[in-house]
Amino acid sequence: MKYKNLRIIGTSHIAQQSLDEIERAFQQHKPDIVAVELDRKRLHALLSDERASPNLSAIGKVGLKGYLFAVIGGFLQRKLGNIVGVKPGSEMKLAVELAKKMSTKIALIDQDIEITLKKFSIRITWREKFRFVVDVFNSLLFKKKVLAELGIGQDALDLSKVPGKELVKRLILQLKKRYPNVYDVLVDERNKIMANNISKLIHKFPDENILVVIGAGHEDEVFAMVKKSMQGKVDII
């Protein structure tokens, strides 16, 4: 997605297609600034090949539920990454490494991971936790039915590619419907933070090409928010 000097790439954290798109974007557009969906802690973990999941000592900071979410989420991403041969977060790491190689400015636009996980611990409800158990159970026993409800053919699911926009939209709507508090913490609030940080970059560097690398689930909303701020319809904090 492109608007004036801004270009946004929506990625999948385990898709080879995302790596190819980032390399192509650097070659074709030669960005002056690369903004990535990372904070300092996750960047350090990626560059040092450490696991981004917090250790037990972090429970006091992020809460037990936030800790468990990070551990389970990290485990699932690594398992899926092993299937396609791409480590989770490889596209973010590639964007940072290419930026360093080209002496391009790097901007970290996401919220601190500990703040996100702490909010998750506080705001997730018992209803959402129960629904999570039900959804996991259904996905294991009724996989075809679950995929069909999302409009996905079992043979059409390709983890090496970024999901199409319609599928991403359906998944986000499903998340918002069944897990409203989780959606607010993991998607909506972070979208606003990232859009705000991108808008600040545009205003501070109006003549420089900015490449943004974020997850496909954030792409459309962040782009819309940034565009509104550029048109003066939304104030920048």
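The values are calculated or read from the model by the stated rules, or taken from the named source; none is laboratory data. Quick caveat: nothing in here was measured; it's all calculated off a predicted structure. Quick reminder, even Gly has a Cβ in these numbers, built from the backbone with ideal geometry, and neighbours come from all protein chains shown.
Key figures
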{"quantity": "Tally of residues being part of a helix (DSSP H, G or I) and out of contact with any Pro (no Cβ under 9 Å at 6 or more places or on another chain) across the stretch 99-142", "calculated": "25"}
{"quantity": "Residues of the stretch 167-186 classified as hydrophobic (A, V, I, L, M, F, W, C) and crowded, with 18+ Cβ neighbours inside 10 Å, total", "calculated": "5"}
{"quantity": "Within the stretch 184-219, tally of residues that are touching a residue at least 24 places away in the same chain (Cβ under 8 Å) and over 12 Å from the mean Cα position of the chain (by Cα)", "calculated": "21"}
{"quantity": "Residues of the stretch 209-231 satisfying the condition of being within 16 Å of residue 111 (Cα to Cα) and among the aliphatic types (A, V, I, L, M)", "calculated": "212, 213, 214, 222"}
{"quantity": "Candidate set: the stretch 6-42, residues that are assigned to a loop (DSSP other than H, G, I, E, B), in contact with a helix residue (DSSP H, G or I) (Cβ under 6 Å, 6 or more places away or on another chain) and at pLDDT 90 or above; chosen: the one nearest to residue 165 (Cα to Cα)", "calculated": "38"}
{"quantity": "Any hit, the stretch 117-130, residues being surrounded by 15 or more Cβ atoms within 10 Å (Cβ to Cβ), in contact (Cβ under 8 Å) with a residue 60 or more places away in the chain and among the acidic types (Asp, Glu)", "calculated": "no"}
{"quantity": "Qualifying residue in the stretch 172-179 (condition: at pLDDT 70 or above, closer than 26 Å to residue 62 by Cα and among the aromatic types (Phe, Trp, Tyr))", "calculated": "yes"}
{"quantity": "The stretch 23-46, residues that are of a type in the set (A, V, I, L, M, F, W, C) and under 15 Å from the mean Cα position of the chain (by Cα)", "calculated": "35, 36, 38, 43, 46"}
{"quantity": "Residue list for the stretch 187-237, restricted to those being surrounded by fewer than 20 Cβ atoms within 10 Å (Cβ to Cβ), of a type in the set (Asp, Glu) and at pLDDT 90 or above", "calculated": "188, 189, 207, 208, 220, 221"}
{"quantity": "Of all residues making up the stretch 47-91, the number that are part of a helix (DSSP H, G or I), within 16 Å of the chain's Cα centre (by Cα) and at pLDDT 75 or above", "calculated": "2"}
{"quantity": "Hits in the stretch 216-233 (condition: touching a strand residue (DSSP E or B) at 6+ places or on another chain (Cβ under 6 Å) and either of a type in the set (Asp, Glu) or outside any helix (DSSP H, G or I) (or both))", "calculated": "219"}
